[in-house]
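Asker: Sharing a structure, written as structure tokens. Questions coming.
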Amino acid sequence: MATNAIASVNLLVVSREPAVLRPLWSIGESNCWHLETAASGWEALERLQNGAGPSLLLLELSGSDGDGLHMLRSLRRLRPHLPIILISPTDDFDRKQEAIRLGAQAILVRPFEEQQLEFIIRRNLDAVSSDVPSDIRSEDVESIGDGAFFIAASPIMRKLRVQAELLAQAQVPVLIVGESGSGKSTAAQLIHALSVRSGSKLLRVNCAALPGHLLEEELFGCEKDLEAGCARARVGKLELCDKGTLLLDEIVEMPPDAQHTLLQVLQNKRMVRLNGDQAIDVDVRVLATTSANIDHAVAGKKLREDLYYHLSAFTLQVPPLRQRKEAIPLFLHHFTQQLTKHYGLPARNFSPSVLEACQRYSWPGNLSELERFVKRYLVMPDYELSMVQEPVLGGVTEVGHSLPRLMAPAANGSETLDQSPESLKSLVQGVRIEAERTAIVAALQKTGWNRKAAARMIKVSYRTLLYKIDQYHLRPSTSPGFTDEHGSNGNGNGYKSGTLGRVD
């Protein structure tokens, strides 16, 4: 998060220890944060009672935790929404559990790195700033940092929230299952945010995105060995998130050899880099997700049975969106806020008919599909929203599956309908689409993926070009060295979804 994203920050520090105050003064000065100190918890409590309004409070615990935890309880009762970070002299698991239960956002154990302290302060400041847009703030919306928030607007999600909080206290692997796009990654992020590891990193590896040898390098790292194909030494994610949490998306897609190595690491809490011979201690909690049928995956040998039993002692089931439709209006508002901010577009309101159709639709693609729908709705102002019944086998339409689609008005003002592949109109349209796509790709390549310049070149509106880029699944990675309309180099997709975190 950028420094200027957190304005007028006031930190209240309850400590007399120079080892605590020195790094805080350094961090505060570099970020232009205002620091105040209190010699005791009672002094801090008195300041709050007299109207002091810190953005965040850091409370150091003494060797005996009774008074400190009692003060934490009093502070939470007086200011229930004030983020409180505890600084503990010992790594006492029972004390950590009790502190989290009483409402501490995080616990740092001394000694700690200055970078780790700054990270956890920033994350908690971000959680109470602008992660949740003001028009969708609700007791059912819980910010979990990094632009993500968890919505528990239905009984089934409130139950999941309770389960996640219980699992957060147990330092064991968790298997998170659910349909694709349902929000499994954010359920994992919620567990991490509620756990005693929240002050350390949460790193993510998509097991389906990398071939076997690259996935093993990503996880376990490698020592330099040109003959083995490793041109330089590399630190793996298991080492990078020491004392933190590693999220393994789509664990079923991990090759069997990597599964075997991972199981050994989980059992022994030690690992060896590829091409190396030195054992490295690792303290990492593993959360794994899958959208596959677990029974079929184990029976088909895609997932090792021993690894499955190790991961599945605790399982969390994330329900599909169709089972929590009460939250759809909140999701629509969130995606609208995120996408309009990213693309620089004015917000558009959803009409009652659109909201009703969204509530009726079953959303087989879950949050991923809902996000794509909002994106098209925002960037296609010249198109009309039409609710089209989705045909199924036998010519029968399934009840509750009216699909919101953006359809261009026909020349006579009526809505165009899907044409059969055999129709002349469909063939002509196919030729037109290919020509259009070719022209867009050429303009984007010629302008170095400067989308505003490309829109001017082919004489279309900026919104229309954004829609076409999404429609044709164009990516700047196919054109190295591109520059976006803000003059920055990157992957052209600076938008980071934050509803249920990532929607996979």
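Asker: Just to be sure, is residue 183 within 16 Å of the chain's Cα centre (by Cα), of a type outside the set (Phe, Trp, Tyr) and open to solvent by less than 10 Å² (accessible area, probe 1.4 Å)? Talk me through it step by step, then tell me what you get.
Answerer: Numbers: within 16 Å of the chain's Cα centre (by Cα): yes; of a type outside the set (Phe, Trp, Tyr): yes; open to solvent by less than 10 Å² (accessible area, probe 1.4 Å): yes.
Yes.
Asker: Pairs, please: C-beta under 9 Å, at least 6 apart or cross-chain, first residue of a type in the set (Gly, Ala, Ser) and in segment 238-249, second part of a strand (DSSP E or B)?
Answerer: 244/202; 244/203; 244/285
Asker: Then there's this: Only residues that are within 18 Å of residue 119 (Cβ to Cβ) and either surrounded by fewer than 16 Cβ atoms within 10 Å (Cβ to Cβ) or touching a strand residue (DSSP E or B) at 6+ places or on another chain (Cβ under 7 Å) (or both): list them for segment 29-38, please.
Answerer: 29, 30, 32, 33, 35
Asker: Would you confirm whether any residue within segment 448-455 is open to solvent by less than 90 Å² (accessible area, probe 1.4 Å) and modelled with pLDDT under 70?
Answerer: Checked segment 448-455: no residue is open to solvent by less than 90 Å² (accessible area, probe 1.4 Å) and modelled with pLDDT under 70.
Asker: Taking residue 138 as the residue in question, decide whether it is at pLDDT below 90, hydroxyl-bearing (Ser, Thr, Tyr) and part of a loop (DSSP other than H, G, I, E, B). Don't jump to the end; show me each part of the working.
Answerer: Details: at pLDDT below 90: yes; hydroxyl-bearing (Ser, Thr, Tyr): yes; part of a loop (DSSP other than H, G, I, E, B): yes.
Yes, satisfied.
Asker: Does residue 162 satisfy the condition of being hydrophobic (A, V, I, L, M, F, W, C) and either open to solvent by less than 20 Å² (accessible area, probe 1.4 Å) or not in a helix (DSSP H, G or I) (or both)? Outline the logic, then answer.
Answerer: Values: hydrophobic (A, V, I, L, M, F, W, C): yes; either open to solvent by less than 20 Å² (accessible area, probe 1.4 Å) or not in a helix (DSSP H, G or I) (or both): no.
It is false that residue 162 is hydrophobic (A, V, I, L, M, F, W, C) and either open to solvent by less than 20 Å² (accessible area, probe 1.4 Å) or not in a helix (DSSP H, G or I) (or both).
Asker: List the number of the failed condition for residue 96; all other conditions in (1) in a helix (DSSP H, G or I); (2) open to solvent by 40 Å² or more (accessible area, probe 1.4 Å); (3) in contact (Cβ under 8 Å) with a residue 12 or more places away in the chain hold.
Answerer: Condition not satisfied by residue 96: (2).
Asker: Okay, next question. Confirm whether residue 247 is open to solvent by less than 30 Å² (accessible area, probe 1.4 Å) and either touching a His at 6+ places or on another chain (Cβ under 9 Å) or part of a strand (DSSP E or B) (or both).
Answerer: Details: open to solvent by less than 30 Å² (accessible area, probe 1.4 Å): yes; either touching a His at 6+ places or on another chain (Cβ under 9 Å) or part of a strand (DSSP E or B) (or both): yes.
Answer is yes for this residue.
Asker: So which residues in segment 297-333 are in contact (Cβ under 8 Å) with a residue 40 or more places away in the chain, in a loop (DSSP other than H, G, I, E, B) and not aliphatic (A, V, I, L, M), if there are any at all?
Answerer: 301, 302, 304, 312, 314, 319, 320, 324
Asker: Does segment 17-28 contain any residue that is open to solvent by less than 30 Å² (accessible area, probe 1.4 Å), modelled with pLDDT of 85 or more and either more than 31 Å from the chain's Cα centre (by Cα) or of a type in the set (D, E, K, R) (or both)?
Answerer: no
Asker: Let me ask something else. Please tell me if residue 203 is part of a helix (DSSP H, G or I) and farther than 23 Å from residue 305 by Cα. Working first, answer last.
Answerer: Details: part of a helix (DSSP H, G or I): no; farther than 23 Å from residue 305 by Cα: yes.
So residue 203 does not fit the description; no.
Asker: Follow-up question, since we're still on this one. So, in segment 340-360, of the ones that are out of contact with any Ser or Thr (no Cβ under 6 Å at 6 or more places or on another chain) and part of a loop (DSSP other than H, G, I, E, B), which residue ends up most open to solvent (accessible area, probe 1.4 Å)?
Answerer: 349
One line per residue, one yes/no per condition, for (1) polar (S, T, N, Q); (2) touching a Ser or Thr at 6+ places or on another chain (Cβ under 6 Å); (3) closer than 23 Å to residue 203 by Cα:
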{"position": "266", "(1), (2), (3)": "no, no, yes"}
{"position": "270", "(1), (2), (3)": "no, no, yes"}
{"position": "274", "(1), (2), (3)": "no, no, yes"}
{"position": "277", "(1), (2), (3)": "no, no, no"}
{"position": "280", "(1), (2), (3)": "no, no, yes"}
{"position": "290", "(1), (2), (3)": "yes, no, yes"}
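Asker: Among the numbered conditions (1) open to solvent by 10 Å² or more (accessible area, probe 1.4 Å); (2) under 30 Å from the mean Cα position of the chain (by Cα); (3) at pLDDT 80 or above; (4) on the phi < 0 side of the Ramachandran plot, tell me where residue 11 comes up short.
Answerer: Checking residue 11 against (1) open to solvent by 10 Å² or more (accessible area, probe 1.4 Å); (2) under 30 Å from the mean Cα position of the chain (by Cα); (3) at pLDDT 80 or above; (4) on the phi < 0 side of the Ramachandran plot, the one that fails is (1).
Asker: Same structure, new question: Would you confirm whether any residue within segment 60-80 is within 32 Å of the chain's Cα centre (by Cα), touching a residue at least 60 places away in the same chain (Cβ under 8 Å) and open to solvent by 10 Å² or more (accessible area, probe 1.4 Å)? Outline the logic, then answer.
Answerer: First pass over segment 60-80, keeping only residues within 32 Å of the chain's Cα centre (by Cα): 60-61, 69, 72-73, 75-80.
Remaining after also requiring touching a residue at least 60 places away in the same chain (Cβ under 8 Å): none.
Checked against the condition, which is being within 32 Å of the chain's Cα centre (by Cα), touching a residue at least 60 places away in the same chain (Cβ under 8 Å) and open to solvent by 10 Å² or more (accessible area, probe 1.4 Å), segment 60-80 yields no hits at all.
The values are calculated or read from the model by the stated rules, or taken from the named source; none is laboratory data. As the structure is a prediction and not an experimental result, all values here were calculated from the model. Please note: Cβ atoms are built from the backbone with ideal geometry, for glycine as well, and neighbour counts cover all protein chains shown. Heads up: the accessible areas ignore ligands, DNA and RNA and are worked out on the full protein's heavy atoms, side chains in. Shrake-Rupley method; radii C 1.70, N 1.55, O 1.52, S 1.80 Å.
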